[in-house]
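Comments concern the structure below.
Readers should treat all values here as calculations from the given coordinates under stated rules, not as data from a laboratory. In this text, all values refer to a predicted model and were calculated from it rather than measured experimentally. Cβ: placed from backbone, ideal geometry, glycine included. Neighbour counts: every protein chain shown.
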Amino acid sequence: MGEKINSTVTNETGKNTLFHPTASLTNYNNQLISLVRSRKSSPESVLKKVLNVVGEMNSQKLRYDLNTYNALLAAYARAKDQTNVTETLRKMEEEGVSPTTDSYNLIMEAFGNDKNIALQNRLKEEMQQKGIELNSVTYYHLLRGQQNNIELALETLEDMKKRGIEPTLLTYSLLIRSCRAKASNTAFALLKEAEEKGLAVQNEPRMYFDVLRLGTRRDEYEMVNYCWNKAITEHSLRPDEGTCLQVLRVAAKKGDTKLATDVIRQLSTNGYPYKEHYFTPLMEAFLVKDDLKSAFNVLDIMRVSGVPPTMNAIYALREKLSKDIKTIDKAYYILEELRREKKAVDVTAFNVVIAACADAGDLERTISTHREAENLGVKPDVDTYNAILGVCIKARVDKMDKVVIEEMKKANISPNIDTYIKMIELSCNRANYEEAFSYLETMKEYGILPPERCYALLARKLSHKKDPRFHLVLEEMETFGYKHKGYYMNQLAPDPSLSTFMDALTQVEDIFNLLNHTDTDNNQVYTVFCPVNSAFKKELDVYTRSHLEAFLRNHIVPNVKLDPNSLNKAHSLDTLLPGQSISVKYHFFSKRTVLNKNANVDINHPVEAINGIAYKIDHLLRPT
């Protein structure tokens, strides 16, 4: 008797499966199905293993059935072997095994995963020609291939409906995921349609969150509010922190304090510890409703929640108050009202009123408000005194900073980094600026790394005065890792005609740091239009002084370094201030370049830096 021969095939787990010579077709098909269902190996590796199994079947002279052919079709399609897909379909027909809808769906799935729309359409036509029914699975795979083309996907959805094939929940979910921010309304309409059809959308919570996130990116309040109420309030789903923060932003912009409160509560329920930036949108929402008292109450809520508010938390409140004196006075009267109601006046609420007075450049109001601290039951802190120093800088008040520092010492309040920055700036505003060096050394003695702005303020002063210590300051900046060579501040500072512009620039830390940045690898370059001193002297008003950041942003064009030729060819330039642009007109005969119809550009003397280019102009560019 001859020796028995057994065959082995390696399965997806790496183990050898032993086949007896008389193994049935069913056993082989089960092995094939296991291989094509697995996603652990590459399509090429799976195809190789499938062909090994088929080779064993051939040696046993087993005739393929539908399951065998379907496995082959799936393996070839996933390996992008279109030739053998076609050949396998031909063999099926020769052997009298008719391809079914499932057979074509396996191929359609592979082409859909590969986003091969052309092959999918060809396959769809073939199915129709052969009278093979298209079902919801067929259309799902078609839509998978069309995910990057929402218009085409919507046409396919309509075709599906015309054929009487009801879209499934997964179909709607897939379509919604195909939508980008600009198609947020389409995504919302698809969600509502799925709900109207009675589909269990709550079982696919991603749909609500996908539409919710799209809505936040476009500030679609109605959409965001609807999805939040459905997903969280009605179906008790759990959003992630990032989604919550985006909803908070939209709620703040719309002034929906209820939604903002719900989101903060949900963050706590989800186990996130309270943070300052959870509460600031709630404060902003109250400001949109012009409810100053409730905005102040948020500060108390923050303290009770274990999050002491900082000056960063009150930025929006500070902006609101500083717009006009009447609003500042209204805020102060609210503090008095809280005191009469036997409620504690938060020191941060007190500080924001003082800071707003300082922002408005109103020295008298700043000082008189500070003197009311005891009557309001407030104990001033370092931020209180920093706000007073701020008005000293803005109003160019000399020697008053000495009084402020003495009061801080009597109150046993230690200066912080912001205090030192302001003292250095005050010193640099004087003819005798030696104290700036003393403050710099004091910071280092206390183990405080002086911020880059301190050095930049001092370097600008030294450069302007042609003080030889300028180079020593630059060397020390390098020692601390601050870059300086070739950036805007170093290039513009020596020009005496730009001293007012430089003063404004150093007062807004965000803009100051932006123009000092030298990351040109990430397109962080700018074109800056710098009004000369005479322009400020003629046109600077109270509003501009109070909104320096917006004013400066309107003079900066991001992500482009426009040389004179490129500038002359431009017609409109988008600025760093959202929604604002600068018009450009080049007058050929007079060879003049004019911005916003009145600002002449000194096109012959641009100031080039590593991170951009700057031009002097003779008028201010006001935001519209």
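Step by step: find N for segment 508-624, compute 2.2 N^0.38 Å, then divide the Cα radius of gyration by it. What's the final number? Normalised Cα radius of gyration, segment 508-624: 1.02. Derived scalar couplings between HN and Hα for segment 51-67 equal 5, 5, 5, 4, x, 5, 4, 5, 5, 8, 6, 8, 8, 5, 10, 4, 4 Hz in order, rounded to whole Hz, by the Karplus curve 6.51 cos²θ - 1.76 cosθ + 1.60 (θ = phi - 60°), x for Gly and Pro. Kirkwood's formula applied to the C-alpha pairs of segment 212-359 gives a hydrodynamic radius of 15.9 angstrom. Projected label points at GLU435 and GLU276, each 7 Å from Cα along the beta carbon direction, are separated by 2.8 nanometres.
Applying 1/(1 + (r/R0)^6) with r as the Cβ-Cβ distance of VAL403 and GLU125 and R0 = 60 angstrom yields a FRET efficiency of 0.10. Cross-link check: pairs LYS465/LYS561; LYS254/LYS293; LYS253/LYS394; LYS253/LYS326; LYS197/LYS254; LYS461/LYS538 evaluated at a Cα-Cα cut-off of 27 Å; pairs beyond the cut-off: LYS465/LYS561; LYS253/LYS394; LYS197/LYS254. Take every DSSP beta bridge whose two residues both sit in the chain; close to 75 percent of them are antiparallel. Between GLU445 and ASP510, the FRET efficiency from the beta-carbon distance, with R0 = 35 Å, is close to 0.75. Shown is the FRET efficiency for ILE417 and GLU478, computed with R0 = 30 Å from the Cβ-Cβ distance and rounded to the nearest 0.05: 0.90. Axis angle, to the nearest 10 degrees, between helix 169-178 and the longest C-alpha principal axis of the chain: 50 degrees. Charge tally for LEU157 (other residues, Cβ to Cβ under 12 Å; Lys, Arg +1; Asp, Glu -1): -3. I want the antiparallel fraction of DSSP beta bridges within segment 499-617, as a percent rounded to 5. Counting only bridges with both partners in segment 499-617, antiparallel ones make up about 75 percent. Counting only residues at least eight positions apart within a chain, or on another chain, the aspartates and glutamates with an alpha carbon under 15 Å from that of LYS444 are ASP418, GLU435, GLU452, GLU476. With 27 Å as the limit, the listed pairs LYS275/LYS343; LYS289/LYS379; LYS80/LYS192; LYS182/LYS569 have LYS289/LYS379; LYS80/LYS192; LYS182/LYS569 beyond it between alpha carbons.
Can you give the net charge of the other residues whose Cβ lies under 12 Å from the Cβ of GLU549, counting K and R as +1 and D and E as -1? Result for the local shell: -1. If you take all other residues with their beta carbon under 10 Å from the beta carbon of ARG622, and give Lys and Arg +1 and Asp and Glu -1, the sum is -2.
Quick one: if you stick a label point 7 Å off each Cα along the C-beta vector at MET311 and ASP324, how many nm between them? Placing both labels 7 Å beyond Cα along the Cβ direction yields 2.7 nm. Under 5 Å from the amide H of GLY612 lie the amide H atoms of TYR526, each residue being 5 or more positions distant or on a separate chain, with H modelled from the backbone and absent for Pro and chain starts. For semi-axes √(5λ) of the Cα gyration tensor in Å, the value computed from the atomic coordinates appears in the list (i) 70, 60, 18; (ii) 41, 35, 22; (iii) 67, 31, 26 under label (iii).
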